[in-house]
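I have placed the structure first, in the form of structure tokens, so that the comments after it can refer back to it.
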Amino acid sequence: MLPLFIRSIKFLIGATFVGVLAWALLWTVVDTVQNPPAETAEEAMHHHPKELDLPSNGVFGHFTATEESTRQLQRGFLVYEKVCASCHSLNLVSFRDLQQLGYNEAEVKKIAKDWAVKQPVQDPKAGTWGERDNLPSDRFPKVYYPGTGTPPDLSLMTKARHDGAAYVYSLLTGYDEKPSAEALKKFPEFAKTPDGMHFNPYFANLNIAMPPPLTGDDQVTYSDGTRATKDQMAKDVAAFLVWTAEPTLQRRHSAGLAVVLFLLIATGLAYGAYLTVWRGVKH
């Protein structure tokens, strides 16, 4: 009799605990529906990245399977070299990796040698630092800004940000966009951007310290004749940064497709063998 009583008490305590939790959850939901949290400035003004269609998108994405996709990556590298490289490093990529984009060995050597930032070297005897020209085997040298903070490395930027290439493209083309009149009415403090900052609705907290890198059309000259509009340059450098973040994507997709085809064929052969072995056997 006593064990039954103890079990009943345990059940009652458990049911009471569950009931209290359910009651608290119910009223939390009701309160959230009736009194939703106030909209923040970031929620009111932040824009989702624009759509960006690149050859590398999707399960069949590629980098250099077509002539145009190869040219786009080379254009993107040019934009990085002429516009971005003075501030942002690409330290996880080697100069010789550019051969994957269609550059030959001589071109890679010249790019490495002419690169504005040189490789730091130390004289073991004197204990002083100097510089030497980059070699194809070197990684792109780091850019330093002593005392002022170093801008982020771009090697993995499209992996580190949600929506990757679309985020980069939207950010680069979003400096000209201004808060809507409705948003400014709710948050008048955003009518004036803080000194040293730049409003960009695609940046997480809306104000970014980086000035607009792409200041107008024809900032670079494309050798393939493509017009270097601000929009085109933003697309091209976004495509290039997808490659720096995952240069093996094209090989990985090809290998994955081969594995899927192999498994489909193996499944068909296995089923055919099953039918052959059990043919004539009555169930």
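The values are calculated or read from the model by the stated rules, or taken from the named source; none is laboratory data. Everything quoted here is computed from the prediction, not taken from an experiment. Counting neighbours? That spans all protein chains shown, and the Cβs are built from the backbone with ideal geometry, glycine included.
Structure data summary
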| read-out | value |
| --- | --- |
| Matching helices (runs of 4 or more DSSP H) fully within region 99-179 where at least 2 residues are within 30 Å of ALA191 (Cβ to Cβ) | 164-173 |
| Scope region 106-135; condition farther than 20 Å from VAL79 by Cβ and surrounded by 10 or more Cβ atoms within 10 Å (Cβ to Cβ); matching residues | LYS109, LYS113, LYS118, GLN119, PRO120, VAL121, GLN122, GLY130, GLU131, ARG132, ASP133, LEU135 |
| Pairs where the first residue, in region 126-146, is without any contact (Cβ under 8 Å) to a residue 24 or more places away in the chain and the second is surrounded by 14 or more Cβ atoms within 10 Å (Cβ to Cβ) and assigned to a strand (DSSP E or B), C-beta under 8 Å, 6+ apart | GLU131/GLN119; ARG132/GLN119; ASP133/GLN119 |
| Single residue of SER223, SER254 found to be small (Gly, Ala, Ser) and either more than 20 Å from TYR80 (Cα to Cα) or touching a Phe, Trp or Tyr at 6+ places or on another chain (Cβ under 6 Å) (or both) | SER254 |
| Residue within region 153-173 that is under 23 Å from GLU51 (Cα atoms), surrounded by 20 or more Cβ atoms within 10 Å (Cβ to Cβ) and basic (Lys, Arg) present | no |
| Every residue from region 200-217 that is over 12 Å from LEU171 (Cβ atoms) and not in a loop (DSSP other than H, G, I, E, B) | ASN207 |
| Unique residue being over 30 Å from GLU43 (Cα atoms), outside the structural domain of HIS48 (by TED's automatic domain parsing) and assigned to a loop (DSSP other than H, G, I, E, B) when the list is ARG252, ARG279 | ARG279 |
| Selection status of ALA234, in the same structural domain as GLU67 (by TED's automatic domain parsing), more than 13 Å from the chain's Cα centre (by Cα) and not charged (D, E, K, R) | yes |
| Among residues of region 58-82, those that are among the polar types (S, T, N, Q) and in a helix (DSSP H, G or I), counted | 4 |
| First in region 80-92 and surrounded by fewer than 19 Cβ atoms within 10 Å (Cβ to Cβ), second anywhere and at pLDDT below 95 and of a type in the set (Gly, Ala, Ser), Cβ under 6 Å, 6 or more apart | none |
| Qualifying residue in region 88-111 (condition: more than 30 Å from GLN250 (Cβ to Cβ) and under 20 Å from the mean Cα position of the chain (by Cα)) | no |
| Residue among PRO49, PRO36, PRO3, PRO55 that is surrounded by fewer than 10 Cβ atoms within 10 Å (Cβ to Cβ), part of a loop (DSSP other than H, G, I, E, B) and modelled with pLDDT under 95 | PRO36 |
